[in-house]
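Worksheet: the structure to be examined is printed underneath.
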Amino acid sequence: MKRTLTLLIASLAITSSLHGQQNQMELWYAQPASNWNEALPVGNGRIGAMVFGQSWNEIIQLNEESLWAGCKQECDADAREYLPEIQRLLLSGEIAAADSLAEIHLRSTPQRIRSYQTFGDIHIDFYGGDGTSHYNYPAPPDLPYFRRSLDIRKGIAVTEHSANGINYRKEVFASAIDDVIVIRLSADKPGAITAKLSYMRSLDAISFPAGDGLLGIKGQIVDLPLLDATDPGEHMKFAGAIKGFNRNGTLQAINNSLLVKDADEVIFLVAMNTDYNFAKLDFDRSIDPFSLCEKQLEAAGKKSFDQMLNDHLKEHTAIMDRVSLTLGDPGRAAIPTDRRLQAVAAGESDPALAALFFQYGRYLLAGSSRKPARLPANLQGIWCADYAAPWNADFHTNINIQMNYWPAEVCNLSETVMQYSDWINAIREPGRVTASKTFNSKGWTVNHLSDLFGHTSISDGVAWGTFPIAGSWLALHQWEHYQFTMDRDYLKNDAYPSMKESAEFMLSFMVEDRNGHLVTCPSNSPENSYIIPGKGVFRLTYGATMDVEITSELFAACIKASEILGIDAGFRKELKAAMAKLPPIKVGERYGTIQEWIEDYEEQEPGHRHMSHLFGLYPGTTITSKDPELFAAARRTIERRRKYNEDPETRIGFYTGWSRAWLINFYARLQDGEGAGENVNALLAKSTLPNMFDNHPPFQIDGNFGGAAGIAEMLLQSHEGELHLLPALPQEWKDGEIKGLRARGGYTVDIAWKDGRIRSYRIQADKPGKAKVRIHGEERPRTITIKSADYSWSE
């Protein structure tokens, strides 16, 4: 089997080489997508499309970031009267009684939100010029030539095929400048384009002729009653418009279609909008989404295709060109991407594929979280084909949305954080209601999931959904943005107010346990359960280790931020006093691992996908090599998780794509290049779909982002106040070069290495000054002075 695969790959590589295809920033395939997980994504942050690349019956699935079912609805349980008793029971070890009381009084009404949805599909059916029905046209491999690709540097999906002596070409991109999806159909023979473009959505929408060459779309989500979900009713309104421009031939709008006959070329512009108002976290009936579409098409339609393309390329390549990564054999780019993934799964080495996966993560983040977007990337970025998506494609706040933004700063995509940061600040208002009503506390918080309506209450069950530390974790991302950008205005106006109010929540919410420690109560360690022999299996607890780590990091960040801003001396004093009373991170006696809970409980799933108690290792900074005991215990924790996950004889639990990505980051922080590299390969081999989307399963985009962050973390770390170059380089990546990574303190770093040894590096500082740099595993970092904002070194 491996020999057959190798021979097939070699044959395809030769074919590709004949066509001159050696683009290192390209996904490409020798056949159309047979399903959504093979289609290729384009996105401008706000709108996106999945391009199937069918030769004669093209499908382009559409998305708009704010097209969600549901409505804004306060769901918070009023637990103020009962919270002290729930806390007393938990602290005294009466967990079952606490569980019973919490199920009654912490339970939100309703408990479930509704889903992010597809905008619908464009179908383009072609007539091939030989007199037969398009449904009977030959499909690859019968066509003389077929190739579909996604150039992630340019942000363009291209499908090419030949038939009946004619070469056909389809190009699709999402323009952030013009805020439309652009589709061009062309051929090398005049008059060869005869096709019908149709819009289809099985629920809640109609399409209609709206003018000369213009197809209109109008819809409104009508939610039926759903058990324990937000109210039914007529909710989000949405609209689209598709404008056709033909060169020669004819084009007309008819029924739900645009019909093109005998054209040399046709260009379709697709606009999509809803009546969502971010400022209100709600739909707004004063907004006319169809009017917005018309205005977008009017502005874009004044440009030629070449003008739109050049504007798009200028904007998109400027983002992607900030960072370059060279690993492995560049000749592997001549092999189709799906075949490369199959080869890695069969045990072949392909570091260049890891480099492509890294850049693809950057591409997807830019495609789902940059202007003109207003919302952060969700569980699927912006790409979703469903009406009821897995986990509603929501904003999951117990790791997933946080992981979405792990690569943002280090991978030089800092602007993508602004949609995330703005949303965090927006949900503070409903988060204050949750803090007050459910947790009888000041400040703001959110639990384990949210949506575009600002849902912050406990969801999906009390034991599962009680996670009030989530707000503090989100606020730490705002601090992280400051650390990388050193933007004092952002710290003052955006980050610190959110951080401070989150810290106020923690100070108000925490209670003293019997040892005099300040602990969160109630608490849980996301989605895992612990066993108390003879009493049962539980999730609710107090003082889970993750809570301690996040609280410690938030308080430290607030102290430092207030010092930078020269404010809140009294608040700093309060935070320092509280920090001194936090419980220590404990190493359990039974296994020598980091305790997940405040007591050394047995896990119900020792191979659980969440490794929340290792937050302090990554993305946090409380477990480092400066504390050898905790550092060693963290490694043992990972080894135990893997034993019960990967060994068929002991398996209790399972990995998801995102948890595999987290392992890459853990091993990088442990400075274990081989462990990190092994998990990069495992992510590609076991948890990556043919279009290189992460596979939970099903598709979930956080693994793409976590994997990209992990690769960056293997090459550069800056969380300990120094620039550590190549801290976790695997032997498989012995030669390579990275340019454009960012580090805390406002640095941009380039590194070149050969045979595992750094040959040169360059550090550009946003401002001149001194920096500490560690290379080649040096025991102590060297201090360098960066004059004129630039420093270079070579061996």
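The values are calculated or read from the model by the stated rules, or taken from the named source; none is laboratory data. Computed from a prediction, not measured in an experiment: that's the story for all the values here. When we count neighbours, we look across all protein chains shown, and the Cβ atoms used for this are built from the backbone with ideal geometry, even at glycine. The accessibility values were calculated without ligands, DNA or RNA, using every heavy atom of the protein model including side chains. Shrake-Rupley method; radii C 1.70, N 1.55, O 1.52, S 1.80 Å.
With a 1.4 Å probe and all protein chains left in place, how much accessible area per residue does segment 450-559 have, in Å²?
Ligands and nucleic acids excluded, the figure is 25 Å² per residue.
Compute the Cα gyration tensor for segment 589-699, then decide on rounded, prolate or oblate, letting a ≥ b ≥ c be the square roots of its eigenvalues: rounded whenever a/c is under 1.5, prolate when a/b is larger than b/c in the other cases, and oblate in all that remain. If you can, show how the numbers build up before the last one.
On the way: a/c = 2.02, a/b = 1.37, b/c = 1.48.
The shape class here is oblate.
Using only Cα atoms and rounding to the nearest 10 degrees, what angle (0 to 90) does helix 702-715 make with the longest principal axis of the chain?
Result, in degrees: 70.
Can you bin segment 358-459 into rounded, prolate or oblate? Criterion: square roots of the alpha carbon gyration tensor eigenvalues sorted a ≥ b ≥ c, rounded for a/c under 1.5, prolate for a/b above b/c, oblate for the rest. Let's see the in-between values first.
Working: a/c = 2.31, a/b = 1.60, b/c = 1.44.
Prolate.
Of the accessible area of the chain, with the probe set at 1.4 angstrom, what percent is carbon plus sulfur? Provide the component values of the computation, followed by the final result.
On the way: 14040 of 28330 Å².
It is 50 percent, rounded to a whole number.
Please tell me the relative contact order of segment 403-539 in percent, rounded to the nearest whole number, where contacts are Cα pairs under 8 Å and at least six residues apart. Could you put the intermediate results ahead of the total?
Details: 182 pairs, mean separation 28.1, N = 137.
So the answer I get is 20 percent.
For the chain, take the longest principal axis of its alpha carbons; what is the angle in degrees between that and the long axis of helix 496-509, to the nearest 10 within 0 to 90?
50
What full-extension length gain, to one decimal in nm, is calculated for ASP735 and LYS371 as 0.36 nm per residue of separation minus the Cα-Cα distance?
Details: separation 364, 0.36 × 364 = 131.04 nm, distance 3.61 nm.
Separation in residues times 0.36 nm, less the Cα-Cα distance, equals 127.4 nm.
Can you give the net charge of the other residues whose Cβ lies under 15 Å from the Cβ of MET546, counting K and R as +1 and D and E as -1?
Numbers: positive: ARG539, LYS586, ARG609, ARG641; negative: GLU527, ASP547, GLU549, GLU553, GLU596, GLU599, GLU603.
With Lys, Arg at +1 and Asp, Glu at -1, the net is -3.
What's the center-to-center distance, using Cα atoms, between segment 434-497 and segment 725-795 in Å?
When both Cα centres are located, 34 Å separates them.
If you count only protein heavy atoms with a 1.4 Å probe, what accessible area per residue comes out for segment 56-125, rounded to a whole Å²?
Working: 2350 Å² over 70 residues.
Counting only protein heavy atoms, the per-residue value for segment 56-125 is 34 Å².
Mind putting a number on the dipole of segment 282-339 about its Cα centre? Charges go on the C-beta only, +1 for Lys and Arg and -1 for Asp and Glu, and I need it in Debye to the nearest 20.
Details: 8 positive and 11 negative charges, 50 e Å.
That gives segment 282-339 a dipole magnitude of about 240 debye.
Quote the accessible area belonging to MET506 in square angstrom, nearest 10, computed with a 1.4 Å probe and with ligands, DNA and RNA left uncounted.
0
List the aspartates and glutamates whose Cα lies under 16 Å from the Cα of LYS643, skipping any in the same chain that are fewer than 8 positions away.
Filter leaves GLU602, GLU603, GLU605, GLU678.
Calculate, for SER92 and GLU639, the FRET efficiency according to 1/(1 + (r/R0)^6) with r their C-beta to C-beta distance and R0 30 Å; round to the nearest 0.05. Present the calculation step by step, with values, prior to reporting the outcome.
Details: r = 35 Å, r/R0 = 1.15.
Efficiency, from the Cβ-Cβ distance: 0.30.
For LYS770, list the lysines whose Cα falls under 19 Å from its own Cα; do not include residues on the same chain fewer than 8 positions away.
List returned: LYS787.
What ranking, highest mean first, results for peptides 766-775, 410-419 when packing means the other Cβ atoms within 10 Å averaged over each residue? Each step should come with its number before you reach the end.
On the way: 766-775: 15.7, 410-419: 22.0.
Sorting 766-775, 410-419 by mean packing, highest first, produces 410-419, 766-775.
For segment 615-772, calculate the relative contact order in percent as a whole number, restricting contacts to Cα pairs under 8 Å that are 6 or more residues apart. Mind dumping the intermediate values first?
Numbers: 253 pairs, mean separation 25.9, N = 158.
Computed value for segment 615-772: 16 percent relative contact order.
Mind putting a number on the dipole of segment 578-734 about its Cα centre? Charges go on the C-beta only, +1 for Lys and Arg and -1 for Asp and Glu, and I need it in Debye to the nearest 20. Display every interim value, and only then the final one.
On the way: 16 positive and 22 negative charges, 22 e Å.
Using Cβ point charges on Lys, Arg, Asp and Glu, segment 578-734 gives about 100 debye.
Relative to the longest principal axis of the chain, what angle (0 to 90°, nearest 10) does the C-alpha long axis of helix 305-320 take?
Helix 305-320 sits roughly 30 degrees off the main axis of the chain.
If you look for lysine pairs in segment 413-536 that are eight or more places apart or on different chains, how many of them have Cα atoms under 30 Å apart?
Lysine pairs meeting both conditions in segment 413-536 amount to 5.
Work out the length of the dipole vector of the chain about its Cα centre, built from +1 on the beta-carbon of each Lys and Arg and -1 on the beta-carbon of each Asp and Glu, and round it to the nearest 20 debye. Can you show the working numbers first?
Working: 82 positive and 100 negative charges, 309 e Å.
With only Lys, Arg, Asp and Glu charged at Cβ, the dipole is about 1480 debye.
What is the distance in Å between the Cα centroid of segment 566-631 and that of segment 273-315?
46
Sequence neighbours fewer than 8 away in the same chain don't count; with that in mind, list the lysines whose C-alpha is under 21 Å from LYS734.
List returned: LYS754.
Between ALA97, THR593, ALA544, whose Cα lies farthest towards the positive end of the dipole of the chain when Lys and Arg beta carbons carry +1 and Asp and Glu beta carbons carry -1, centred on the Cα centre?
Among ALA97, THR593, ALA544, the one farthest towards the positive end of the dipole of the chain is THR593.
Could you compute the FRET efficiency for ASP262 and GLN73, with r as their C-beta to C-beta distance and R0 at 56 Å, rounded to 0.05? Don't skip to the end; give the middle numbers.
On the way: r = 53 Å, r/R0 = 0.95.
That pair, ASP262 with GLN73, gives E of 0.60.
Distance in nm between label sites at ALA577 and PHE631, each 7 Å beyond Cα in the beta-carbon direction?
The modelled label-to-label distance comes out at 3.5 nm.
Tell me the relative contact order for segment 250-338 as a rounded percent, counting alpha carbon contacts under 8 Å between residues six or more apart.
Numbers: 43 pairs, mean separation 14.0, N = 89.
16 percent.
May I ask which residue of ASN404, ALA632, CYS293 lies farthest towards the positive end of the charge dipole of the chain, with charges of +1 (Lys, Arg) and -1 (Asp, Glu) on Cβ and the Cα centre as origin?
Of ASN404, ALA632, CYS293, it is ALA632.
Quickly work out the GLU429-to-HIS776 label distance, labels modelled 7 Å from Cα along the C-beta direction, and quote it in nm with one decimal.
It is 5.8 nm.
Specify whether the C-alpha gyration tensor of segment 275-369 places it in the rounded, prolate or oblate class, a ≥ b ≥ c being the square roots of the eigenvalues: rounded for a/c under 1.5, otherwise prolate if a/b is larger than b/c and oblate if not. Walk me through the intermediate numbers first.
Details: a/c = 3.09, a/b = 2.07, b/c = 1.49.
Prolate.
Could you state the accessible area per residue of segment 715-795 in Å², with a 1.4 Å probe and every protein chain left in place? Mind dumping the intermediate values first?
Values: 3890 Å² over 81 residues.
Ligands and nucleic acids excluded, the result is 48 Å² per residue.
With θ set to phi - 60° and the Karplus curve 6.51 cos²θ - 1.76 cosθ + 1.60, what are the ³J(HN,Hα) couplings of segment 359-368 in order, to the nearest whole Hz, using x for Gly and Pro?
5, 5, x, 5, 4, 5, 5, 4, x, 10
Could you calculate the FRET efficiency of LYS535 with ARG514 from 1/(1 + (r/R0)^6), where r is the beta carbon distance between them and R0 is 25 Å, rounded to 0.05? The partial results should precede the final answer.
Working: r = 18 Å, r/R0 = 0.74.
With R0 = 25 Å, the Cβ-Cβ based efficiency is 0.85.
Which entries in the list LYS72/LYS302; LYS581/LYS626; LYS686/LYS772 go over 28 Å, if you measure between the two C-alpha atoms of each?
Values: LYS72/LYS302 38 Å; LYS581/LYS626 22 Å; LYS686/LYS772 38 Å.
Correct reply: LYS72/LYS302; LYS686/LYS772.
At 222 nm, what helix-only mean residue ellipticity would the chain give, in deg cm²/dmol to the nearest 500, using -39500 (n - 2.57) for each DSSP H run of four or more? Can you show the working numbers first?
Details: 20 runs with 249 residues, N = 795.
Value at 222 nm, helices only: -10000 deg cm²/dmol.
Stretch ILE254-GLU646 to full length: gain in nm at 0.36 nm per residue minus the Cα-Cα span?
Numbers: separation 392, 0.36 × 392 = 141.12 nm, distance 5.65 nm.
Taking ILE254 through GLU646 to full extension adds about 135.5 nm, to one decimal.
Between ASN310 and SER349, how many nm apart are label points set 7 Å from Cα along the C-beta direction?
It is 4.6 nm.
Largest first, how would THR317, THR337 line up by accessible area (1.4 Å probe)? Could you put the intermediate results ahead of the total?
Numbers: THR317 20, THR337 0 Å².
Descending accessible area places them as THR317, THR337.
Among SER186, TYR791, TRP36, which residue has its Cα furthest toward the positive end of the charge dipole of the chain, with +1 on Lys/Arg Cβ and -1 on Asp/Glu Cβ?
TYR791
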